[in-house]
Each structure stands twice: as structure tokens, then as C-alpha cells.
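The values are calculated or read from the model by the stated rules, or taken from the named source; none is laboratory data. Fair warning: this is a prediction, and the values are worked out from it, not measured in the lab. Quick reminder, even Gly has a Cβ in these numbers, built from the backbone with ideal geometry, and neighbours come from all protein chains shown.
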């Protein structure tokens, strides 16, 4: 053991010397957080929220007022076009029809008498036993009787139509989504038709009415693919396509959005009307491209030259507004800082960027796979007072 003691002391001394030399070599140098340039897919998307609705949703109401005598459909009932779904008590309307029939019969009898009187008066006038005034009066009475018959016939037709409206039928094939009345309830159709049922034509085909911000609507086009999720199935992604971008603006608290209709296939009926959809409209997608973290595009060292800062500000200003989907102008020039292997200080480098997903950005030109770019400055061992601590984590510097 005594033989190995001198060698052990020599090894410890060499380690101490190496540590001191390394510390001296790194004195005054900063420690950087870096990220490697790698290849992978990048998807640029616009995010929005919307509501799932049936493509055809018909609200079935009543044109007449009365008590609900019978309901032939309920929630989730399958109905056919023309099928009776509700019945309003027809007693009052049947009485109105009977009265209208009586009025029409009375008017027809009066018309028959007027025709006989008119014919008799004309015969007497031909024998010169009646005056022209009598003929005119008889003809006027005849025409009035004919008009009265038409009035009574119209009243009868209206009464019969009201009686038919007591029987409420489904206008389409579909499924009942909601029912708003119960048996015995009175519906009043004085100002507007009361809603009794809401019937969806086909729940296997639905649509999302998404509100897209005005900053993003410029890159949204018909037939673009859409991925979305719902809270009921958070681990499952559904797909659809844009079928319409409506021009009518929707303004809520000075925020302007546009209704974007997204067609959705729902063969297994998982999606239900009224669900909230978190929509991601795919603007562009590229596979196997060079990727850089967006944090590297934001980083600027304290000693950055005004030219580098000006280039960064210009490239940011050249893009479109801060849309949530990052739908800015592609091909912008940016300045990033590359840390070569074995170097203590990063070097600025101009790159051209492409599409971005908000986390990663495509590198079109200026970097190669394996390069390490600086995303943040962690600490500095240089002499002098240290910068004030960042309450949000470390002493990282961002522009």
C-alpha cells in the first residue's frame, strides 16, 4: 500500500491542475443553453374554436294555438317525412269548420235566389212590365251573392287548413334532437310559431361552425384539411375539411371573427350536436425538413450589434400580424447564433426560415443538420457585478 500512495497523490494533483486550467480557460466565458438542428415534420396551422351542428337541422313548430293532445315522438326518436309527431286538440277548429260550412251553404242559397230574381226581372223587362232600375238592382244583388259565396268559401278553406295544422308532421327524415313541450301544455302561435321539436336530418354528416380571427382568415381556404378534438374524447383526433368561409363578420367586444364551416364525417355517431371543437386548420405541412426552435430566433446576446438587431426587427415587421396559427410571410431572413464545437462564444449567422408551428420553424437556408444554436444565456463567470436575478427562472436573456 505504501508503494501506491505516491502515485495516488500524483493523480490527485493532476486532476486539480486540470480543473484549475479548465476554469481559467473558461473564465469570462458565458454558459449557453443550446439546441441542435434536426430534421422532422413541420405543420403550420390556424387554431380556433367552434361548435358541432347537424348539417340540416329543422325546427318543427305549430301554426295554430291550442293544447297538446298527443305526442308521437320523443328525444332520439327516428322519424320519417310525413310522420305524425304531435297532435293539437282539434275540437275548436272542428267547430270553426262546421260553422264555415254552414255560412257557405247559406251564401249559396242566397246566390240561387239572386239568380232566379235576376232572370225573372230580365223577362219582365223584356215584356216592358219592369223598369231598367229593377234589372240593375237584380243584377247587383246577383253579383254580391256570387262574391259572398267566394268569401265564405275562403273562410271554409282557412278553417280546414287550421284543422289540418292541428296534426303536426315531420318535414324530413331524421332523428329528434330536442322536444320542447309536454302533453297538456298550451302552445300560443300569436306572434311566432312555438318550437315543438328539433329534428336533425343525418347525424353521420355534421359540420363545425368555427370562429376564425381576422388575422388568420386570409390563409384559410376551401378544401383545407382540419384536425380537431372534443372534450368528450380528449385522446382522439378527428378530421374534416373546410367547405365554406362566410363573408359576414361577427364582432364581439371589438373582436372580429368569421364563421368557417367545416364538414365532418361522423359514421360511429361519437360526435353530438353542441359539442365544443378545438380546431386546427392545416395551412401547410412539410416532412423531413431542418427544424430550429423558435427560442433560438428570439435570442440576442447583450453585445449584439445594431445591424443584427435591425435585421431581426425588420424580419419580424415583414411578417403578417400575430395570428394564432403563425400564418406569417414565409422565407423571412433571421439572425441566429451558432455555438461551434469547442468555442466559447456564439457566432451570428443569417438564415432563411419557412413555415412554423409556433414551437419549431423550418430552416430553408443557412444551417445544416447537427449545428447547435443558442436559445438562452444561463450564467456568466466574468468578473464584475452579476446581472439582477430573473424572477421567472435564472438569468436568461431574451430580446
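Here are a few things to note about the model shown:
- The test for being under 15 Å from the mean Cα position of the chain (by Cα), surrounded by fewer than 16 Cβ atoms within 10 Å (Cβ to Cβ) and either within 28 Å of residue 80 (Cβ to Cβ) or touching a residue at least 40 places away in the same chain (Cβ under 8 Å) (or both) does not hold for residue 221.
- Selection status of residue 128, more than 57 Å from the chain's Cα centre (by Cα), exposed (fewer than 13 other Cβ atoms within 10 Å of the Cβ) and not assigned by TED's automatic domain parsing to the domain that holds residue 72: yes
- Members of region 367-384 that are at pLDDT 90 or above, surrounded by 12 or more Cβ atoms within 10 Å (Cβ to Cβ) and assigned to a loop (DSSP other than H, G, I, E, B): 367, 371
- Residue in region 232-243 that is within 14 Å of residue 214 (Cβ to Cβ), under 14 Å from the mean Cα position of the chain (by Cα) and surrounded by 15 or more Cβ atoms within 10 Å (Cβ to Cβ) present: no
- Unmet criterion (only one of (1) at pLDDT 85 or above; (2) under 21 Å from residue 32 (Cα atoms); (3) surrounded by fewer than 15 Cβ atoms within 10 Å (Cβ to Cβ)) for residue 336: (3)
- Number of the exception - residue 273 against (1) modelled with pLDDT of 50 or more; (2) within 22 Å of residue 364 (Cβ to Cβ); (3) assigned to a loop (DSSP other than H, G, I, E, B): (2)
- Residue match in region 34-42 (condition: surrounded by 17 or more Cβ atoms within 10 Å (Cβ to Cβ) and either modelled with pLDDT of 95 or more or closer than 30 Å to residue 184 by Cβ (or both)): no
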